[in-house]
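Report on one structure; see the data block that follows.
Each value in this text was obtained by applying a stated rule to the coordinates, not by laboratory testing. Fair warning: this is a prediction, and the values are worked out from it, not measured in the lab. Cβ placement follows ideal geometry from the backbone for every residue including glycine, while neighbour counts extend to all protein chains displayed.
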Amino acid sequence: NAGVTQTPKFQVLKTGQSMTLQCAQDMNHEYMSWYRQDPGMGLRLIHYSVGAGITDQGEVPNGYNVSRSTTEDFPLRLLSAAPSQTSVYFCASSYGGSYGYTFGSGTRLTVV
Amino acid sequence: GQQLNQSPQSMFIQEGEDVSMNCTSSSIFNTWLWYKQDPGEGPVLLIALYKAGELTSNGRLTAQFGITRKDSFLNISASIPSDVGIYFCAGQRSDGGSQGNLIFGKGTKLSVKP
């Protein structure tokens, strides 16, 4: 049982480059979310989805796009990377909004 | 965006000591969760609370859902070295705010006393 799998684990981008952070879960969870974690800031919600074909913005959505074509996958796209997007990104999934989320092990992104 | 007020920000523990931390909010929550994060890993759920006044244990960990529904507490008894890490509280607002998603505190970092 893999849980929530994120790839890549590490990434360095140049300013202006685009890339996609991958997230997959094998628990048949309807809810999936993307968070970013910055020192001293806790976890902030970027985008979330309550099921295939349904996505919505969280607290800090600017500069990011998401799609949810299947229950299993929820990729996060950086359109034009900026140094302010240097962070650790976590994908999480849950049976429902009030249940505990299961987190992936994170993607550490550096934008230079 | 709203975040929970989690305290203390950091603390040092000596093996065998009891540890307490808490989270408060100006909003009413219908769910409180406590997570632990080890270096280089994602947060792992420790305890989930769904009812005001609820007291739930998980081994040496005990958490409570405050009666006012605006706070929660986590206690660790007889701490051991592997308890070090960052502990996060998270809550879901009862009024549907934040689109019903979890709001996280900024974390309490537990370290070993030098």
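Structure data summary
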item	result
Estimated distance in nm for a label pair at B:LYS70 and A:MET41, the labels positioned 7 Å out from Cα along Cα-to-Cβ	2.8
Neighbourhood charge, 12 Å Cβ-Cβ cut-off, centred on B:ASP18 and excluding it, Lys, Arg +1 and Asp, Glu -1	-2
Theoretical gain in end-to-end length, A:ASP56 to A:SER105 [0.36 nm per residue, Cα-Cα removed]	15.4 nm
Inter-chain shielding of B:37-43 (mean C-beta neighbours from other protein chains, 10 Å cut-off)	6
Shielding score for A:37-45, defined as the mean number of other chain Cβ atoms within 10 Å	6
Distance from segment A:75-96 to segment A:20-46 (C-alpha centre basis), Å	7
Ordering of B:24-36, A:21-33, A:64-76 by packing [mean C-beta count within 10 Å, highest first]	B:24-36, A:21-33, A:64-76
Neighbourhood net charge (12 Å Cβ-Cβ; Lys/Arg +1, Asp/Glu -1) for A:SER49	-3
Of B:LYS70/B:LYS106; A:LYS9/B:LYS109; B:LYS51/B:LYS106, pairs whose Cα-Cα distance is over 19 Å	A:LYS9/B:LYS109; B:LYS51/B:LYS106
Against the rule of thumb 2.2 N^0.38 Å, how large the Cα Rg of the protein assembly as shown comes out	1.01
Kirkwood estimate for chain B, i.e. one over the average of 1/r between Cα atoms, Å	14.1
Segment B:13-58 shape via C-alpha gyration tensor axes, a/c threshold 1.5	prolate
Convex hull volume of chain A per residue (C-alpha atoms, cubic angstrom)	91
About the Cα centre, charge dipole magnitude for the protein assembly as shown (Lys/Arg +1, Asp/Glu -1 at Cβ), debye	420
